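Worksheet: one structure, shown below.
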Amino acid sequence: MKKTVKLFFVVIAFTMATDELIAQNFVVKGGLNLSNMRIKDNDETFSDETKMNLGYHIGATVEFPLSEIFSFETGLLVSAKGFKFSEEGTDFGGTYKRESEVNLLYMDIPVTAKTSFDLGNTKIYGVFGPYLGIGLSGKTKLELEYDGEVVSKEEDVRWGSDEEADLKKMDFGLTVGAGIELNSFQMGLTYSLGLANISPYSENGYKISNRVLGISIGYKIGGK
């Protein structure tokens with residue numbers, strides 16, 4: 001948590017400095033993430049059984065107007081991603097329940113085109129463009145209950161490109177979204193589709209990619 005707080009202030013300081021130099025609109029934002037991961041190989045899609053993980057995002061963006069309705073937007077967002085998995089069954093005459101969870105923390109850099117339309121005192125907008133993600137930290141949690149006995153395990157995610165690692169550090173993909181703006185307040189919905197294969201293990205076409213639905217609230221400082 002301390003790392004997240006420090007990153008947030010670094011993001012704010014960096015983006016405000018950029019805003020002072022060349023940008024007209026500066027937005028502090030945060031909100032909820034509903035994340036999952038697509039996990040598959042050439043024979044099977046394992047993520048058909050996974051569930052969304054509840055997380056968050058927080059950071060800031062700067063907007064560079066190009067015309068009355070078009071602008072370019074970028075920034076830095078600390079974003080929590082991952083997934084959950086659970087199953088129950090019987091084995092060797094006993095019943096079991098297994099729950100696992102992957103929690104990842106990324107620094108995302110969106111680079112999106114934005115279109116805005118005035119509707120009186122309100123604006124509606126749409127965004128589309130690529131993003132770059134950098135893995136910062138992560139944990140995996142596993143809890144196994146068998147005939148009333150519970151075993152728990154927690155490990156840090158190992159980032160890297162070799163097959164000893166859990167996940168590659170670099171991610172990229174596309175973001176699409178829409179929202180409304182009332183005075184200085186914004187509320188938006190985005191979907192980020194990971195295009196990078198972040199699995200260091202590639203046998204039989206094994207692939208892992210991120211999927212994130214984000215709901216955010218922002219406050220705009222300066223600009224029009």
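The values are calculated or read from the model by the stated rules, or taken from the named source; none is laboratory data. Note that the structure is predicted; figures quoted are calculated from it, not measured. With ideal geometry, Cβ positions are generated from the backbone for all residues, glycine too; neighbour counts draw on all protein chains shown. Accessible surface areas use protein heavy atoms only, side chains included; no ligands, DNA or RNA. Shrake-Rupley method; radii C 1.70, N 1.55, O 1.52, S 1.80 Å.
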Per the filter on segment 27-44, residues basic (K, R) and closer than 26 Å to G205 by Cα are R38, K40
Looking only at residues that are exposed (fewer than 15 other Cβ atoms within 10 Å of the Cβ) and of a type in the set (D, E) in segment 72-113, which one is farthest from N33 (Cα to Cα)?
D91
Qualifying strands (runs of 3 or more DSSP E) (wholly inside segment 131-196; at least 2 residues being small (G, A, S))
170-182, 185-194
Quick one: in segment 178-192, of everything that is crowded, with 19+ Cβ neighbours inside 10 Å and among the small types (G, A, S), which residue is nearest to the chain's Cα centre (by Cα)?
S192
Cβ-Cβ below 6 Å, separation at least six or inter-chain, first residue in segment 177-202 and within 30 Å of N121 (Cα to Cα), second open to solvent by 10 Å² or more (accessible area, probe 1.4 Å) and charged (D, E, K, R): which pairs?
E181/K123; S184/K220
Of the residues in segment 14-41, those that are under 21 Å from the mean Cα position of the chain (by Cα), open to solvent by 60 Å² or more (accessible area, probe 1.4 Å) and at pLDDT below 55 come to F14
Kindly provide the set of residues from segment 133-148 that are within 13 Å of the chain's Cα centre (by Cα) and either farther than 16 Å from I198 by Cα or crowded, with 16+ Cβ neighbours inside 10 Å (or both), ordered by number.
G133, G135, L136, G138
Residue count for segment 193-203, restricted to those that are at pLDDT 95 or above and either within 13 Å of G31 (Cβ to Cβ) or open to solvent by 20 Å² or more (accessible area, probe 1.4 Å) (or both):
3
Give me a count of the residues in segment 149-177 that are open to solvent by less than 60 Å² (accessible area, probe 1.4 Å) and over 15 Å from S199 (Cβ atoms).
2
Among the residues of segment 199-215, how many are closer than 16 Å to G82 by Cα and over 14 Å from the mean Cα position of the chain (by Cα)?
3
Being open to solvent by 40 Å² or more (accessible area, probe 1.4 Å), within 22 Å of I217 (Cβ to Cβ) and not β-branched (V, I, T) is the filter here; which residues of segment 42-63 pass it?
M52, L54, Y56
Name the residue, out of S86, S79, that is part of a strand (DSSP E or B), over 14 Å from the mean Cα position of the chain (by Cα) and of a type in the set (G, A, S).
S86
